[in-house]
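Written out below as structure tokens is the structure these notes cover.
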Amino acid sequence: MSPVERGPGAREPGPEPVPPRPEVEGLTPYVAGMSAEELTRRTGRPAVKLASNENPLGPSPEAVRAAGQVLAGLHRYPAVLADDLREALARHHGVSPQQVLVTNGSDELLRLLAETYIRAGDRVVVPHPSFSVYSRVARLMGARVQQVPLNAGGAMDLPAMAAAAQGGDGVPPARVIFLCRPNNPTGGVFGAEDFARFVEAVPAGCLVVLDEAYKEFDDTPFNGPDWLDRCPGLVVARTFSKVYGLGGLRLGYGLAAEAVWRPVLAVRDPFSVNAVAQAAGLAALADREHVARSVELAREGRQFLTQLATELGLRAYPSQGNFVLIDVGRDAEAVHRALLEHGVIVRPGTSFGLPTCIRVTCGLPEENRRFAEALRAVLHQGDGA
Ligand SMILES: Cc1ncc(COP(=O)(O)O)c(C=O)c1O
């Protein structure tokens, strides 16, 4: 039948858009901050980006070389389980290769865990404020997400999280708990004794996902993988996006008991980790000098940013990450916009529910100084007041 023959209001034949799953309807796309290139174009002067906790030194030159060497072989599919990198990571962490799963960024790892383990209606406990992906992947699976506020120091409140996981009074125990150490955006950490008490208190059948994306910058002796033997339901998430400076390649990994990975292997896409990422990751892992320089730079940056905040009479959260959360005591969005005018990009805390805070990544010394100058000028002008 031609459109002319059908009456007014009649619908076109053929497929129509269908609504997404109800769990998807409540989700919103990730909103990325402005890139340095965009701001440079806008202001006509080189911009400084201190907004995404990237490594200001860039990737290891060894990683760049290794990435280049695989380009001629790109007609071949990559190794399904990134065998060489998996073995190197196993050696690095003192675990077996079967305990390592290499993924397309740790974001993919978090989603895979949710897809494999979270059932519609399950309770999932997350810290707040923290990395938004935990709630997102849990909601995607139809979970009921319970947020547990951080303690006053900006670290996980482990006793409160364990209590939330236990449920009781008709509330079922949680299926998954996400922990972030050092926590994004505060940089806070918990101690080994608190964690020991926490693992004792977590109910059976609850997976504990410990995200250590920033672990390499942390000066405290706590190390998630050391707990794997004691905690068969523990997953440690790590990434190559931070200290290794490979965010653009999308490479992360998880460490857990082999039994945790068995069902995940059936869920994952076989070739999600590309050949360039595998080769670069292997070289980056071996370049310990680059890692050491990156860690040292972050330490100096933390000190500089914390001291700056103190001098300006602002609160800086104690951080073990490569970033510092500063409470500017006024509308952070306005401060963020004013800093853009000075060519500096930071992350306003609004999306974390922290409307008076900005999260500043530790940059190169000259980048930190540019930020300091800009912040002083913004506060002096009363911009964002
Ligand atoms: C706490 C935390 N976990 C995971 C990630 C994501 O890492 P990836 O780039 O490996 O997906 C980030 C990125 O900012 C993060 O802050």
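In this structure, does residue 211 turn out to be under 26 Å from residue 322 (Cβ atoms) and either of a type outside the set (Phe, Trp, Tyr) or surrounded by fewer than 24 Cβ atoms within 10 Å (Cβ to Cβ) (or both)? Break it down stepwise before answering.
Numbers: under 26 Å from residue 322 (Cβ atoms): yes; either of a type outside the set (Phe, Trp, Tyr) or surrounded by fewer than 24 Cβ atoms within 10 Å (Cβ to Cβ) (or both): yes.
Considered against the rule, which asks whether it is under 26 Å from residue 322 (Cβ atoms) and either of a type outside the set (Phe, Trp, Tyr) or surrounded by fewer than 24 Cβ atoms within 10 Å (Cβ to Cβ) (or both), residue 211 comes out as yes.
So if I check each of 72, 82, which one is at positive phi and in the same structural domain as residue 212 (by TED's automatic domain parsing)? Walk me through it before giving the result.
On the way: 72 fails: at positive phi.
The unique qualifying residue is 82.
Applying the selection to segment 154-177, what residues are touching a strand residue (DSSP E or B) at 6+ places or on another chain (Cβ under 9 Å) and not aliphatic (A, V, I, L, M)?
Scanning segment 154-177 gives 154, 157, 167, 172, 173, 175.
How many residues does segment 135-175 contain that are surrounded by 16 or more Cβ atoms within 10 Å (Cβ to Cβ), among the β-branched types (Val, Ile, Thr) and away from the ligand (no atom under 15 Å from the Cβ)?
2
What are the pairs, 6+ residues apart or on separate chains, where a residue within segment 28-53 that is hydroxyl-bearing (Ser, Thr, Tyr) and modelled with pLDDT under 95 has its Cβ under 9 Å from a residue that is within 14 Å of the ligand (Cβ to nearest atom) and assigned to a helix (DSSP H, G or I)?
Cβ pairs passing all conditions: 30/133; 30/136.
Among residues belonging to segment 1-25 that are at pLDDT below 90 and surrounded by 10 or more Cβ atoms within 10 Å (Cβ to Cβ), point out the one that is nearest to the ligand (Cβ to nearest atom).
Of everything passing the filter in segment 1-25, 10 is nearest to the ligand (Cβ to nearest atom).
Quick check on this structure: which one of 160, 138 is of a type in the set (Gly, Ala, Ser) and within 23 Å of residue 238 (Cα to Cα)? Let's see the steps before the verdict.
On the way: 160 fails: within 23 Å of residue 238 (Cα to Cα).
Answer to the check: 138.
Here is a yes/no grid of residues against (1) modelled with pLDDT of 95 or more; (2) exposed (fewer than 14 other Cβ atoms within 10 Å of the Cβ); (3) among the basic types (Lys, Arg); (4) within 14 Å of the ligand (Cβ to nearest atom):
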site	(1), (2), (3), (4)
268	yes, no, yes, no
277	yes, no, no, yes
281	yes, no, no, yes
288	yes, yes, yes, no
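The values are calculated or read from the model by the stated rules, or taken from the named source; none is laboratory data. What you see is a predicted model; the values in this text were computed from it and never measured. Heads up, the Cβs are rebuilt from the backbone with ideal geometry, glycines too, and the neighbour counts pull from every protein chain shown.
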